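Engineer: Have a look at the structure that comes next, please.
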Amino acid sequence: MNHDEIKLTDKTKHISETPEAIVEQLLTLPPVRLESIAKGPGLYALYDHESQPRYIGITSKCLNDRIFKRHVGGDGNSHKFSSRYNVGRMFHTRKHPATCDADGRIAKMLRRAFAREHCRAVALSIPHLTKNQLWSLEGAVLEIAPPEVKIWNNIKQLEGCEPTELLDDLLASLNLADEEVAAIDRQAVRWNCK
């Protein structure tokens, strides 16, 4: 595939792009809320709660589904936001001996709400490329992307992070019932004892 001939699409324009230009867009376009991510296949950059790009990836299916649902809601390391914030009051991993399923579901709901509130992404929809072409393009992009914007790429297990002040503010805005707050606190205790 000739990378000079790739055409990226967004809602308003068609632009010929190179891997260098794609990296530039992933790092300079304003990151958007996760529910605003475009549909369709393409490349994306995930931005953490500190507004720093941490991961570059592709999907050959639906950008919105991959980022908004899977990166936020999954349990494994391939689900970056979920993995990064799976600590303390947001801790829950199915089948983990330290978790409680009932309390964990509430903690996981909080983790999803946190990621959707505080994390962002830049997604470039590229609907005309095949899965193999997307993989090739991702390889070229990762090869030239600065190391600091792909620190979540190729890490077996992300280090957990609970941004206390942001999480406290989110909890206050959610108006959870006392029993839900108690469940989240119990999960934090379980996390600290595991």
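The values are calculated or read from the model by the stated rules, or taken from the named source; none is laboratory data. The model shown is predicted, which means the values in this text are computed figures rather than measured ones. Glycine gets a Cβ as well: all are built from the backbone with ideal geometry, and neighbour counts include every protein chain shown.
Engineer: Checking His128 against (1) in a loop (DSSP other than H, G, I, E, B); (2) touching a helix residue (DSSP H, G or I) at 6+ places or on another chain (Cβ under 9 Å), only one condition comes out false. Which one?
Structural biologist: (2)
Engineer: Please verify whether His96 is within 21 Å of Gly160 (Cβ to Cβ) and either hydroxyl-bearing (Ser, Thr, Tyr) or more than 15 Å from the chain's Cα centre (by Cα) (or both), treating the condition exactly as stated.
Structural biologist: Against the criterion (within 21 Å of Gly160 (Cβ to Cβ) and either hydroxyl-bearing (Ser, Thr, Tyr) or more than 15 Å from the chain's Cα centre (by Cα) (or both)), His96 qualifies.
Engineer: Within the range 136-176, can you find the residues that are of a type in the set (Gly, Ala, Ser) and assigned to a helix (DSSP H, G or I)?
Structural biologist: If the condition is that a residue be of a type in the set (Gly, Ala, Ser) and assigned to a helix (DSSP H, G or I), then Ser136, Gly139, Ala140, Ala172, Ser173 are the ones that fit.
Engineer: Next question. Assigned to a helix (DSSP H, G or I), under 21 Å from Leu174 (Cα atoms), aliphatic (A, V, I, L, M) and modelled with pLDDT under 95: does that describe Ala115?
Structural biologist: So Ala115 does not fit the description; no.
Engineer: If you don't mind, another one. Could you tell me which residue of the range 174-193 is surrounded by the most Cβ atoms within 10 Å (Cβ to Cβ), considering only residues that are of a type outside the set (A, V, I, L, M) and closer than 16 Å to Cys161 by Cβ?
Structural biologist: Looking at residues that are of a type outside the set (A, V, I, L, M) and closer than 16 Å to Cys161 by Cβ, I get Gln187.
Engineer: In the range 177-194, what count of residues is obtained for those that are at pLDDT below 95 and not in a helix (DSSP H, G or I)?
Structural biologist: Qualifying residue count, the range 177-194: 1.
Engineer: Restricting to the range 162-172, and then to whatever is under 15 Å from Ala115 (Cβ atoms) and either basic (Lys, Arg) or surrounded by fewer than 15 Cβ atoms within 10 Å (Cβ to Cβ) (or both), can you tell me which residue is farthest from the chain's Cα centre (by Cα)?
Structural biologist: Per the criteria, the residue is Asp169.
Engineer: Take the residues in the range 128-149 that are more than 21 Å from the chain's Cα centre (by Cα) and within 23 Å of Ser36 (Cα to Cα); name whichever of them is surrounded by the most Cβ atoms within 10 Å (Cβ to Cβ).
Structural biologist: If we take residues in the range 128-149 being more than 21 Å from the chain's Cα centre (by Cα) and within 23 Å of Ser36 (Cα to Cα), then Leu129 is surrounded by the most Cβ atoms within 10 Å (Cβ to Cβ).
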